[in-house]
Amino acid sequence: MPFLRQDVLSGEWVSLSAERQQRPLTEAKACPFCRGEGTEVGTTSFDVAVFENKFPVFRDPGTAEVVVYSPHHDDDLAYLPRESAALVWEVWKERSESLRQREDVQSVFIFENRGAKVGASIAHPHGQIYAYPYCPPRLEKERMHFESRCPLCLSGEQAGPTVFKNRWWRIEVPYAMRMPFQLWLRPLRHVAHLGGLTSEEVSSGVSLMQDIVRSYDSYFGLRTALVMALYQDITIGATYHLRWDFMPLDRGQGQMKYLAGSELAMGAFVADMTPDFVKSELSPVWDRIHRRQERRT
Ligand SMILES: [Zn+2]
Ligand SMILES: [Zn+2]
(Lines give C-alpha, C1' and ligand atoms only; values in the text may rest on other atoms or scores of the structure.)
(Ligands and ions follow the chains in the order given, each with its own letter.)
Protein backbone atom coordinates (compact mmCIF):
# COMPACT_ATOMS: atom_id res chain seq x y z
CA MET A 1 0.00 0.00 0.00
CA PRO A 2 1.54 3.34 -0.99
CA PHE A 3 1.75 6.14 1.57
CA LEU A 4 2.65 9.83 1.62
CA ARG A 5 5.41 11.64 3.45
CA GLN A 6 6.09 15.35 3.59
CA ASP A 7 9.70 16.50 3.42
CA VAL A 8 10.39 18.59 6.52
CA LEU A 9 12.89 20.75 4.64
CA SER A 10 10.99 21.61 1.43
CA GLY A 11 7.41 20.86 2.42
CA GLU A 12 7.08 18.73 -0.74
CA TRP A 13 5.11 15.50 -0.67
CA VAL A 14 6.53 12.19 -1.81
CA SER A 15 4.75 8.89 -2.39
CA LEU A 16 6.50 5.77 -1.08
CA SER A 17 5.54 2.26 -2.08
CA ALA A 18 7.38 -0.94 -1.18
CA GLU A 19 5.41 -2.91 -3.78
CA ARG A 20 6.55 -0.87 -6.77
CA GLN A 21 10.02 -2.36 -6.52
CA GLN A 22 8.39 -5.71 -7.44
CA ARG A 23 7.08 -4.34 -10.76
CA PRO A 24 8.20 -6.29 -13.83
CA LEU A 25 10.92 -4.10 -15.31
CA THR A 26 11.34 -5.96 -18.54
CA GLU A 27 8.55 -7.04 -20.75
CA ALA A 28 6.97 -10.20 -19.42
CA LYS A 29 6.42 -13.06 -21.84
CA ALA A 30 2.69 -12.56 -21.58
CA CYS A 31 1.92 -8.86 -22.01
CA PRO A 32 -0.42 -7.72 -19.20
CA PHE A 33 -1.95 -5.10 -21.53
CA CYS A 34 -2.83 -7.36 -24.42
CA ARG A 35 -6.44 -8.40 -24.47
CA GLY A 36 -7.55 -11.58 -22.78
CA GLU A 37 -8.89 -12.97 -19.55
CA GLY A 38 -6.28 -13.11 -16.84
CA THR A 39 -4.44 -10.04 -18.19
CA GLU A 40 -4.65 -6.69 -16.41
CA VAL A 41 -7.08 -5.55 -19.08
CA GLY A 42 -9.27 -8.54 -18.26
CA THR A 43 -11.35 -8.48 -21.42
CA THR A 44 -11.10 -10.02 -24.85
CA SER A 45 -12.49 -7.03 -26.68
CA PHE A 46 -11.79 -3.32 -26.27
CA ASP A 47 -10.74 -0.20 -28.16
CA VAL A 48 -9.26 1.79 -25.25
CA ALA A 49 -9.00 0.30 -21.74
CA VAL A 50 -8.72 2.10 -18.39
CA PHE A 51 -8.07 0.41 -15.06
CA GLU A 52 -6.40 1.05 -11.71
CA ASN A 53 -2.64 0.65 -11.74
CA LYS A 54 -1.65 -2.66 -10.16
CA PHE A 55 1.34 -0.90 -8.58
CA PRO A 56 -0.17 2.49 -7.72
CA VAL A 57 1.75 5.47 -6.44
CA PHE A 58 -1.47 6.67 -4.74
CA ARG A 59 -4.54 4.96 -3.40
CA ASP A 60 -7.11 6.45 -1.04
CA PRO A 61 -6.30 9.29 -0.91
CA GLY A 62 -5.75 9.71 -4.65
CA THR A 63 -5.51 7.01 -7.25
CA ALA A 64 -3.44 5.94 -10.24
CA GLU A 65 -4.88 4.57 -13.48
CA VAL A 66 -3.50 3.06 -16.66
CA VAL A 67 -4.90 3.88 -20.09
CA VAL A 68 -4.16 1.25 -22.75
CA TYR A 69 -4.53 3.01 -26.09
CA SER A 70 -5.11 0.01 -28.33
CA PRO A 71 -5.59 -3.78 -28.15
CA HIS A 72 -2.62 -4.21 -30.52
CA HIS A 73 0.76 -4.69 -28.88
CA ASP A 74 2.79 -2.86 -31.52
CA ASP A 75 0.63 0.22 -31.94
CA ASP A 76 1.75 3.71 -31.01
CA LEU A 77 -0.51 6.65 -30.14
CA ALA A 78 1.22 8.87 -32.69
CA TYR A 79 0.51 6.44 -35.53
CA LEU A 80 -2.99 5.23 -34.60
CA PRO A 81 -5.79 6.05 -37.03
CA ARG A 82 -7.12 9.52 -36.24
CA GLU A 83 -10.45 8.12 -34.90
CA SER A 84 -8.65 5.78 -32.49
CA ALA A 85 -6.45 8.59 -31.18
CA ALA A 86 -9.57 10.74 -30.80
CA LEU A 87 -11.10 8.02 -28.67
CA VAL A 88 -8.06 8.15 -26.37
CA TRP A 89 -8.63 11.90 -25.95
CA GLU A 90 -12.28 11.25 -25.12
CA VAL A 91 -11.23 8.73 -22.46
CA TRP A 92 -8.72 11.20 -20.97
CA LYS A 93 -11.41 13.85 -20.87
CA GLU A 94 -13.95 11.52 -19.28
CA ARG A 95 -11.49 10.28 -16.63
CA SER A 96 -10.33 13.81 -15.86
CA GLU A 97 -13.94 14.96 -15.40
CA SER A 98 -14.77 11.97 -13.24
CA LEU A 99 -11.67 12.16 -11.01
CA ARG A 100 -12.05 15.89 -10.42
CA GLN A 101 -15.34 15.18 -8.67
CA ARG A 102 -13.52 13.21 -5.97
CA GLU A 103 -12.87 15.05 -2.74
CA ASP A 104 -9.53 13.31 -2.17
CA VAL A 105 -8.16 14.41 -5.55
CA GLN A 106 -6.37 17.77 -5.91
CA SER A 107 -4.77 17.36 -9.30
CA VAL A 108 -5.27 15.07 -12.31
CA PHE A 109 -2.07 14.47 -14.24
CA ILE A 110 -2.28 12.66 -17.60
CA PHE A 111 1.00 11.57 -19.15
CA GLU A 112 2.89 9.05 -21.20
CA ASN A 113 6.42 7.83 -20.74
CA ARG A 114 7.26 6.89 -24.30
CA GLY A 115 9.94 4.25 -24.72
CA ALA A 116 12.01 2.07 -22.43
CA LYS A 117 14.66 4.82 -22.13
CA VAL A 118 12.13 6.93 -20.18
CA GLY A 119 11.28 4.03 -17.93
CA ALA A 120 8.20 2.57 -19.61
CA SER A 121 8.38 -0.98 -18.25
CA ILE A 122 5.75 -2.40 -20.62
CA ALA A 123 6.08 -1.87 -24.37
CA HIS A 124 2.36 -2.06 -25.13
CA PRO A 125 1.25 1.54 -25.89
CA HIS A 126 -0.26 3.07 -22.77
CA GLY A 127 -0.32 6.19 -20.67
CA GLN A 128 -1.03 6.93 -17.06
CA ILE A 129 -3.25 9.10 -14.95
CA TYR A 130 -2.11 10.19 -11.51
CA ALA A 131 -4.88 11.65 -9.40
CA TYR A 132 -2.77 13.37 -6.76
CA PRO A 133 -4.19 13.86 -3.27
CA TYR A 134 -2.18 17.12 -3.17
CA CYS A 135 -1.10 19.80 -5.64
CA PRO A 136 2.28 18.78 -7.10
CA PRO A 137 5.03 21.39 -6.62
CA ARG A 138 5.46 22.42 -10.25
CA LEU A 139 1.75 23.09 -10.65
CA GLU A 140 1.56 24.92 -7.35
CA LYS A 141 4.36 27.21 -8.47
CA GLU A 142 2.75 27.85 -11.87
CA ARG A 143 -0.70 28.52 -10.43
CA MET A 144 0.58 31.58 -8.56
CA HIS A 145 1.45 33.23 -11.88
CA PHE A 146 -2.12 32.96 -13.14
CA GLU A 147 -3.70 34.80 -10.25
CA SER A 148 -3.94 38.28 -11.76
CA ARG A 149 -3.46 37.66 -15.50
CA CYS A 150 -2.57 34.79 -17.81
CA PRO A 151 1.09 34.80 -18.89
CA LEU A 152 0.20 32.60 -21.88
CA CYS A 153 -2.59 34.85 -23.19
CA LEU A 154 -0.39 37.91 -22.91
CA SER A 155 1.58 38.16 -26.11
CA GLY A 156 4.86 39.67 -25.17
CA GLU A 157 8.54 39.22 -25.74
CA GLN A 158 8.50 36.21 -23.44
CA ALA A 159 6.36 34.14 -25.81
CA GLY A 160 8.42 31.30 -27.22
CA PRO A 161 9.04 30.97 -30.98
CA THR A 162 5.94 29.58 -32.70
CA VAL A 163 6.35 26.50 -34.87
CA PHE A 164 2.71 26.31 -35.94
CA LYS A 165 -0.63 27.93 -35.22
CA ASN A 166 -4.16 27.27 -36.39
CA ARG A 167 -7.59 28.47 -35.22
CA TRP A 168 -7.45 26.45 -32.02
CA TRP A 169 -3.89 25.66 -31.01
CA ARG A 170 -0.37 27.01 -30.96
CA ILE A 171 2.79 24.91 -30.99
CA GLU A 172 5.77 26.74 -29.57
CA VAL A 173 9.16 26.24 -28.05
CA PRO A 174 8.99 27.48 -24.47
CA TYR A 175 10.89 30.71 -23.94
CA ALA A 176 12.60 29.22 -20.86
CA MET A 177 12.92 25.68 -22.17
CA ARG A 178 14.06 23.02 -19.74
CA MET A 179 14.51 19.99 -21.99
CA PRO A 180 16.12 19.64 -25.45
CA PHE A 181 13.64 20.09 -28.32
CA GLN A 182 10.83 20.74 -25.83
CA LEU A 183 7.51 21.83 -27.35
CA TRP A 184 4.23 23.13 -25.94
CA LEU A 185 0.86 22.48 -27.52
CA ARG A 186 -1.67 24.84 -26.04
CA PRO A 187 -5.16 26.02 -26.89
CA LEU A 188 -5.46 29.65 -28.02
CA ARG A 189 -8.55 29.92 -25.85
CA HIS A 190 -7.99 30.27 -22.12
CA VAL A 191 -9.06 26.85 -20.79
CA ALA A 192 -8.02 25.44 -17.39
CA HIS A 193 -8.59 21.71 -17.90
CA LEU A 194 -9.46 19.10 -20.53
CA GLY A 195 -13.16 19.12 -19.69
CA GLY A 196 -13.35 22.73 -20.93
CA LEU A 197 -12.21 21.95 -24.49
CA THR A 198 -14.75 22.03 -27.33
CA SER A 199 -15.08 19.10 -29.73
CA GLU A 200 -13.37 21.18 -32.45
CA GLU A 201 -10.42 21.89 -30.16
CA VAL A 202 -10.15 18.21 -29.28
CA SER A 203 -10.33 17.09 -32.88
CA SER A 204 -7.58 19.50 -33.94
CA GLY A 205 -5.49 18.72 -30.85
CA VAL A 206 -5.54 14.99 -31.63
CA SER A 207 -3.92 15.43 -35.03
CA LEU A 208 -1.43 18.07 -33.86
CA MET A 209 -0.30 15.83 -31.01
CA GLN A 210 0.28 12.96 -33.43
CA ASP A 211 2.15 15.20 -35.86
CA ILE A 212 4.43 16.55 -33.13
CA VAL A 213 5.55 13.06 -32.14
CA ARG A 214 5.87 11.99 -35.79
CA SER A 215 8.03 15.05 -36.42
CA TYR A 216 10.34 14.10 -33.58
CA ASP A 217 10.62 10.54 -34.89
CA SER A 218 11.39 11.83 -38.35
CA TYR A 219 13.93 14.38 -37.08
CA PHE A 220 15.80 11.93 -34.83
CA GLY A 221 15.35 8.97 -37.19
CA LEU A 222 14.19 6.74 -34.35
CA ARG A 223 11.28 6.19 -32.01
CA THR A 224 11.87 9.18 -29.79
CA ALA A 225 12.07 8.68 -26.04
CA LEU A 226 9.93 11.38 -24.51
CA VAL A 227 7.57 12.38 -21.76
CA MET A 228 4.26 13.80 -22.92
CA ALA A 229 2.50 15.57 -20.06
CA LEU A 230 -0.76 17.43 -19.63
CA TYR A 231 -0.53 20.45 -17.34
CA GLN A 232 -4.03 21.34 -16.19
CA ASP A 233 -5.83 22.66 -13.13
CA ILE A 234 -9.02 20.82 -12.24
CA THR A 235 -10.01 22.93 -9.24
CA ILE A 236 -13.24 24.92 -9.34
CA GLY A 237 -12.66 28.51 -10.45
CA ALA A 238 -9.14 27.72 -11.68
CA THR A 239 -7.45 30.60 -13.53
CA TYR A 240 -4.95 28.27 -15.21
CA HIS A 241 -4.28 27.82 -18.96
CA LEU A 242 -3.74 24.17 -19.90
CA ARG A 243 -1.01 22.82 -22.18
CA TRP A 244 0.52 19.59 -23.40
CA ASP A 245 4.24 19.56 -22.81
CA PHE A 246 6.52 17.38 -24.95
CA MET A 247 9.86 16.65 -23.34
CA PRO A 248 12.19 14.46 -25.41
CA LEU A 249 15.09 12.76 -23.71
CA ASP A 250 16.77 12.16 -27.03
CA ARG A 251 18.81 15.12 -28.16
CA GLY A 252 20.28 13.95 -31.46
CA GLN A 253 23.44 12.18 -32.64
CA GLY A 254 22.58 9.24 -30.40
CA GLN A 255 22.86 11.36 -27.27
CA MET A 256 20.40 11.59 -24.42
CA LYS A 257 19.58 14.27 -21.90
CA TYR A 258 20.17 13.09 -18.35
CA LEU A 259 18.92 14.88 -15.31
CA ALA A 260 22.07 15.37 -13.27
CA GLY A 261 23.49 17.50 -10.46
CA SER A 262 21.75 20.81 -11.00
CA GLU A 263 18.38 19.35 -12.01
CA LEU A 264 18.25 16.53 -9.46
CA ALA A 265 19.76 18.30 -6.49
CA MET A 266 18.50 21.83 -7.03
CA GLY A 267 15.60 21.51 -9.47
CA ALA A 268 17.48 24.00 -11.67
CA PHE A 269 17.40 22.98 -15.34
CA VAL A 270 20.20 23.54 -17.80
CA ALA A 271 19.19 23.40 -21.48
CA ASP A 272 21.86 22.62 -24.04
CA MET A 273 20.23 24.64 -26.84
CA THR A 274 18.07 27.70 -27.44
CA PRO A 275 14.40 27.94 -28.51
CA ASP A 276 15.37 29.58 -31.83
CA PHE A 277 17.64 26.66 -32.65
CA VAL A 278 14.82 24.20 -31.90
CA LYS A 279 12.43 26.14 -34.11
CA SER A 280 14.86 26.27 -37.02
CA GLU A 281 15.59 22.53 -36.75
CA LEU A 282 12.04 21.26 -36.26
CA SER A 283 10.06 23.65 -38.48
CA PRO A 284 11.02 22.11 -41.86
CA VAL A 285 10.25 18.62 -40.53
CA TRP A 286 6.97 19.84 -39.07
CA ASP A 287 5.93 21.43 -42.37
CA ARG A 288 6.60 18.21 -44.27
CA ILE A 289 4.87 15.87 -41.79
CA HIS A 290 1.90 18.12 -41.11
CA ARG A 291 1.21 18.90 -44.78
CA ARG A 292 1.34 15.20 -45.62
CA GLN A 293 -1.19 14.36 -42.88
CA GLU A 294 -3.45 17.25 -43.89
CA ARG A 295 -3.60 15.93 -47.42
CA ARG A 296 -4.76 12.55 -46.12
CA THR A 297 -7.69 13.92 -44.15
ZN1 LIG B 1 0.64 -6.18 -25.36
ZN1 LIG C 1 -4.61 32.14 -20.93
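The values are calculated or read from the model by the stated rules, or taken from the named source; none is laboratory data. Just so it is clear, the model here is predicted, and its values are computed rather than measured. Note that we place each Cβ from the backbone using ideal geometry, even for glycine, and neighbour counts take in every protein chain shown. Ligands, DNA and RNA are excluded from the accessible area calculation, which covers all protein heavy atoms including side chains. Shrake-Rupley method; radii C 1.70, N 1.55, O 1.52, S 1.80 Å.
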Can we say Ser207 is of a type outside the set (A, V, I, L, M, F, W, C), open to solvent by 30 Å² or more (accessible area, probe 1.4 Å) and either under 27 Å from Glu83 (Cβ atoms) or more than 13 Å from ligand 2 (Cβ to nearest atom) (or both)?
no
Check every one of the strands (runs of 3 or more DSSP E) wholly within the range 102-177 and list those with 2 or more residues that are open to solvent by 20 Å² or more (accessible area, probe 1.4 Å).
107-114, 126-132, 162-165
Counting just the residues of the range 72-90 that are in contact (Cβ under 8 Å) with a residue 60 or more places away in the chain and more than 16 Å from the chain's Cα centre (by Cα), which one comes out nearest to ligand 2 (Cβ to nearest atom)?
Arg82
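For the structure I just gave you, tell me whether Asp60 is within 23 Å of Tyr216 (Cβ to Cβ), of a type in the set (Asp, Glu) and modelled with pLDDT under 95.
On the way: within 23 Å of Tyr216 (Cβ to Cβ): no; of a type in the set (Asp, Glu): yes; modelled with pLDDT under 95: yes.
It is false that Asp60 is within 23 Å of Tyr216 (Cβ to Cβ), of a type in the set (Asp, Glu) and modelled with pLDDT under 95.
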Within the range 265-286, track down each residue that is more than 23 Å from the chain's Cα centre (by Cα) and either part of a loop (DSSP other than H, G, I, E, B) or of a type in the set (Gly, Ala, Ser) (or both).
Ala265, Ser280
So Val88, is it farther than 30 Å from His290 by Cβ and more than 14 Å from ligand 1 (Cβ to nearest atom)
no
Does any residue in the range 160-175 that is among the aromatic types (Phe, Trp, Tyr) come within less than 9 Å, Cβ to Cβ, of a residue that is in a strand (DSSP E or B) six or more places away or on a different chain, and which pairs are these?
Phe164/Arg170; Phe164/Ile171; Phe164/Glu172; Trp168/Pro187; Trp169/Leu185; Trp169/Arg186; Trp169/Pro187
Does the range 248-264 contain any residue that is under 17 Å from the mean Cα position of the chain (by Cα) and open to solvent by 30 Å² or more (accessible area, probe 1.4 Å)?
yes
Restricting the search to the range 76-101, which residues are aliphatic (A, V, I, L, M) and open to solvent by 50 Å² or more (accessible area, probe 1.4 Å)?
Leu87
Please specify each residue of the range 220-242 satisfying the condition of being touching a strand residue (DSSP E or B) at 6+ places or on another chain (Cβ under 9 Å) and closer than 22 Å to Glu281 by Cα.
Phe220, Leu222, Arg223, Thr224, Ala225, Leu226, Val227, Met228
Failed item, numbered, when Arg178 is tested on (1) within 16 Å of ligand 2 (Cβ to nearest atom); (2) charged (D, E, K, R); (3) closer than 30 Å to Gly254 by Cα:
(1)
Between a first residue in the range 273-297 that is in contact (Cβ under 8 Å) with a residue 60 or more places away in the chain and a second residue that is part of a helix (DSSP H, G or I) and surrounded by 18 or more Cβ atoms within 10 Å (Cβ to Cβ), which pairs have beta carbons less than 6 Å apart while being 6 or more apart in sequence or on different chains?
Val285/Ser215; Val285/Tyr219; Trp286/Ser215; Ile289/Asp211; Ile289/Arg214; Ile289/Ser215; His290/Asp211; Gln293/Asp211
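With in contact (Cβ under 8 Å) with a residue 60 or more places away in the chain, β-branched (Val, Ile, Thr) and within 16 Å of ligand 2 (Cβ to nearest atom) as the only criterion, which of Thr198, Thr239 stands out?
When all the criteria are applied, what remains is Thr239.
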